[in-house]
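Only the coordinates and a few stated rules stand behind these numbers; no lab work does. In this text the structure is predicted, and so the values were computed from the model without any measurement. Neighbour counts are summed over all protein chains in view; Cβ atoms, including those assigned to glycine, are modelled from backbone coordinates with ideal geometry.
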Amino acid sequence: MTAQTATTIHPLCDALADAFERKGVAVRANLSPGLAREEILRIVEPLGIALPEDVIALYEWRNGHLDEFAEDVIRFRDNTFISLERAVEEHAQLMSIYAVDSTLEDDRVDLQAALPISFFEGSCDVVACGAHLHHDAGDHPVIRVFEGIDMYYPSIESMLRICTEWVSHPDWDAADGFPGDAEMEIWQKHVPGIFGG
């Protein structure tokens, strides 16, 4: 991993964890320790995916949660940050459900080369580690797969910044999320035109 990637991603992860903690969501007690780069690459090797440096940095920071079904978890919007082992399992699920009919042209992302990083009740966020057609995004956008396949964040870095701003907002509540338009206003600020808005 480049030192630059770690020095960007790790403080952003800490800032998001701090934001949750300030709102009374004790996420740090439920986070698994991070993994060494070699272990990360070993775990994902069966998938044949070339991991981008920001994904490696994310899992070097922490390996998801000890109990992903607990109340005190980091959520990327509404999906729980999962362990890399769980990510490999979710990749297999994704392939069994979507791979038969998924094409780059239709879905705008090569789902076979996408790694899940968060999950909740059938919804999952994946990082595009291979080809994608989201030309307005970075090299490795974060895609939400749930009742459609949509680009949510241009990168892991932008995801962390947006989620931190959401959780830090005075109107955000751990149980209910956002009332009103605050969520979309923050999203639009960071990702103009998200969902054509």
- Which residues make up the longest stretch of the chain clear of GluC sites (Glu not before Pro) that lie in a DSSP loop with no more than 12 other Cβ atoms within 10 Å, not counting the sites? 1-70
- Which shape class, rounded, prolate or oblate, goes with the range 39-129 when its Cα gyration tensor gives a ≥ b ≥ c as root eigenvalues, a/c under 1.5 marks rounded, and past that a/b bigger than b/c marks prolate? oblate
- Item | Likely footprinting exposure, ILE156, ILE40, fewest C-beta neighbours within 10 Å first | ILE40, ILE156
- Message: Suppose each label sits 7 Å from its Cα in the direction of the beta carbon; what would the GLU89-ARG42 distance come out to in nanometres?
- Response: 2.0
- Task: Calculate one ³J(HN,Hα) per residue across the range 159-166 by plugging θ = phi - 60° into the Karplus curve 6.51 cos²θ - 1.76 cosθ + 1.60, and present them in order as whole Hz with x for glycine and proline.
- Result: 4, 5, 5, 5, 4, 5, 5, 4
- Task: Grab the beta carbon distance between TYR98 and ALA26, set R0 = 41 Å, and tell me the FRET efficiency rounded to 0.05.
- Result: 0.75
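Given the -39500 (n - 2.57) contribution per DSSP H run of 4+ residues, what per-residue ellipticity at 222 nm results for the chain, rounded to the nearest 500 deg cm²/dmol? Working shown, then result.
Values: 7 runs with 78 residues, N = 197.
That comes out to -12000 deg cm²/dmol.
Taking DSSP loops as anything outside H, G, I, E and B, show the longest stretch in the chain free of chymotrypsin sites (Phe, Trp or Tyr not before Pro) there with at most 16 other beta carbons within 10 Å.
Numbers: sites that count: PHE69, PHE146.
Longest stretch, sites excluded: 70-145.
Could you compute the FRET efficiency for GLU71 and HIS135, with r as their C-beta to C-beta distance and R0 at 35 Å, rounded to 0.05? The partial results should precede the final answer.
Numbers: r = 39 Å, r/R0 = 1.11.
Step by step, r from the Cβ atoms, then E = 0.35.
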- Message: Taking 0.36 nm per residue of sequence separation and subtracting the Cα-Cα distance, how much length would be gained by fully extending the chain between PHE178 and ASP106, in nm to one decimal?
- Response: 22.8 nm
- Note on the structure: Debye calc, one equal point scatterer per Cα of the chain, no solvent, log10 I(q)/I(0) at q = 0.08, 0.16, 0.18 1/Å comes to -0.24, -1.04, -1.34
